[in-house]
Structures are given as structure tokens and as C-alpha cells.
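Only one structure is covered here, and it is reproduced in the block below.
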Amino acid sequence: MRKFTKAASGVAVTGTALLAAIGLAAAPAFASVSSVVITGSTGSGGAFTATATSPTLTDNTTGAKLTCTSAAATGAAANGTYTAGAPTSIKVGTVKTATWNTCKLNSITFGVTAQSLPWNLNITGPTASGSTPGSLTGVSAKLTGLCTATITGTVTGSYVNSSHTLALNAGSLSVSGVGGLCLGLINNGDSITYKANYVVTPSLQVNAT
């Protein structure tokens, strides 16, 4: 059987680094939000799609990294003005599906499956220079293959109006239910970082104050 070690993998398998799913950036601790206006939606009920190329998930404890060729998501964020949840977090929509394709550590393939959908899409701070911070809460995903694990928590990032892109790069994801041949590359309680740039269609515009 092929031996799977940190040395052999370089960045090694984050086994469960993956998750994600789709979210928005973390606002500074002192930031607050009072109102969010969403425009540009053309789909029924505010339906949107989002795609990303080469998303990565990294185990922050071991350095193990999983890279996928692509990721996709669908959800809803209807045009309108939102205030419920101010001043800390205003829910503006949901992510209904999330998928990842061809996720590998070197040549070893892993499957990643979203769970506990839908996830809540929230705005957590005011828009500045066309960029709005927010979070995706209730995230849960299952990693399968030689190594199995579950990742849960919150993903954070920022939505950029000009490129209609969700730039994900932080959050508070953690690992549980580790099993199989993980070889210490991913462990219960490890924190995970998911990084991806999702291009959203249609070109939603988000303005928060």
C-alpha cells in the first residue's frame, strides 16, 4: 500500500481542510452593521450560482493541505433592505448547495460532501471601497477517502462588488470524527482555513452601513 506521510505530501493532506462552502470575510471586532441593501438579483427568489477555481483547505495545526480543481455553490439572496440581527450580523441569504471537484493531496483523491444545508449568509460590517465583510454560518462538510473527518463552524471573507466575487480566507472551522488512515495529518480539534474566490452570477451588489 502506498505510504502517505507529511514528508511525501509536502503540504500533506488536510484531509479535512475542505469545507466550505461559501462565505464572506471577517470584519474587525469593533465593526458593526445597521442595514444591508442587496441589488442586482435577477433569479427567482434571489437565486444565485457561484464557482471557484483551485480552492484549498489547510489544517492550521499540521500544515496539511487539500487542493480541489474547482468548487461550486447555489443559494438565494433576494433584492431588498435587511436589518434583522443588527448591529452584529445581518442575515441576507442562504447557501443551498455546495460541491467540490477532484480534491487531492498529491495523487490521492478525497471526496468532500456538504452537510446540514442550507447555511446562513450574513453581513457583519459596513461596505468600504466596494468590499463588504460577512460570514457563512452553520457550515458542515464530510471528508471521505483514506482519511475521513467532519469539518464544522463558520467561514469568513469579503464580497467585492466590482468583480462580484466572494473572497474566502478565514473563519473558525474545526475538525471532528477523524478516522481511517489520516496518519496524524489531521486530528480532532484541529482548526481549518478554507481559501477560495467564488465568482457570483448574477452580479449582485451589496451595500452595508
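Every number here is computed from the coordinates shown, using simple stated rules; none is lab data. Bear in mind that the values here come from a model prediction, so they are computed numbers and not experimental data. Cβ: placed from backbone, ideal geometry, glycine included. Neighbour counts: every protein chain shown.
Please determine whether any residue of segment 165-174 is buried (at least 17 other Cβ atoms within 10 Å of the Cβ), touching a residue at least 12 places away in the same chain (Cβ under 8 Å) and not in a strand (DSSP E or B). So far as segment 165-174 goes, no, none of its residues is buried (at least 17 other Cβ atoms within 10 Å of the Cβ), touching a residue at least 12 places away in the same chain (Cβ under 8 Å) and not in a strand (DSSP E or B). Ile108 meets each of the listed conditions (1) surrounded by 17 or more Cβ atoms within 10 Å (Cβ to Cβ); (2) within 30 Å of Ala208 (Cβ to Cβ) apart from (2).
Criterion applied to Gly125, Gly189, Gly184, Gly157 was being in a loop (DSSP other than H, G, I, E, B), surrounded by 19 or more Cβ atoms within 10 Å (Cβ to Cβ) and of a type outside the set (A, V, I, L, M, F, W, C), and the one residue passing it is Gly125.
As for segment 75-96, it holds no residue that is farther than 23 Å from Ser131 by Cβ, touching a residue at least 40 places away in the same chain (Cβ under 8 Å) and not in a strand (DSSP E or B). Residues in segment 192-203 that are assigned to a strand (DSSP E or B) and more than 10 Å from the chain's Cα centre (by Cα): Ile192, Val199, Val200, Thr201.
Assess whether Thr102 counts as being surrounded by fewer than 13 Cβ atoms within 10 Å (Cβ to Cβ), under 30 Å from Gly180 (Cα atoms) and free of Cβ contacts under 8 Å to residues at least 60 places away in the same chain. So Thr102 passes the test.
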